[in-house]
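A short worksheet on the structure shown next.
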Amino acid sequence: MTSDLIKRANITGKLTGVFSGIVDEGEIPKEWKNSGTVPIYKGRGNALESGKYSGIRLLEHRIKLFKKVLEERLS
């Protein structure tokens with residue numbers, strides 16, 4: 001379903017151009033490198049103790065797509 005949405009939005013060609021540029025230049029845009037870590041309570045023990053949380057990284061969506069394309073090409 002998601003790939004159909006991307007095709008309909010006509011951004012496949014644009015993303016291909018951007019991804020090719022990244023591969024050619026060997027550098028990912030700075031704003032794509034921004035991410036945040038969100039603490040998620042494990043659900044056990046005292047919630048006030050820092051060891052009771054796991055960190056989840058939230059990545060930029062375009063970097064996730066780029067990662068998926070690279071993984072597909074390498075496999």
>> As I understand it, the value is the acute angle between the Cα axis of helix 61-74 and the longest principal axis of the Cα atoms of the chain; what does it come to in degrees, rounded to 10?
In response: 70 degrees
> Which angle from 0 to 90°, rounded to the nearest 10, does the C-alpha axis of helix 12-25 make with the longest principal axis of the chain?
Replying inline: 80 degrees
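How would you classify the chain from its alpha-carbon gyration tensor, with a ≥ b ≥ c the square roots of the eigenvalues: rounded for a/c under 1.5, else prolate if a/b is greater than b/c, otherwise oblate?
Values: a/c = 3.03, a/b = 2.17, b/c = 1.40.
It is prolate, given that a/c is not under 1.5 and a/b is the larger ratio.
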>> Of 69, 51, 20, which is farthest towards the positive pole of the chain's charge dipole, taken about the Cα centre with +1 and -1 on the beta-carbons of Lys, Arg and Asp, Glu respectively?
In response: 51
>> Can you tell me which aspartates and glutamates have their Cα less than 13 Å from the Cα of residue 33? Leave out same-chain residues fewer than eight positions away.
In response: 60
>> Pairs of alpha-carbon atoms within less than 8 angstrom and 6+ residues apart define the contacts here; what relative contact order does the chain have, in percent?
In response: 24 percent
> Between residue 37 and residue 18, what is the spin-label point distance in nm, taking each point 7 Å from the Cα along the Cα→C-beta axis?
Replying inline: 2.6 nm
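Values in this text are rule-based calculations from the coordinates and carry no lab data. On a predicted model such as this, the values are computed, not experimentally measured, just so you know. Positions of Cβ are backbone-derived with ideal geometry, glycine not excepted, and every protein chain shown enters the neighbour counts.
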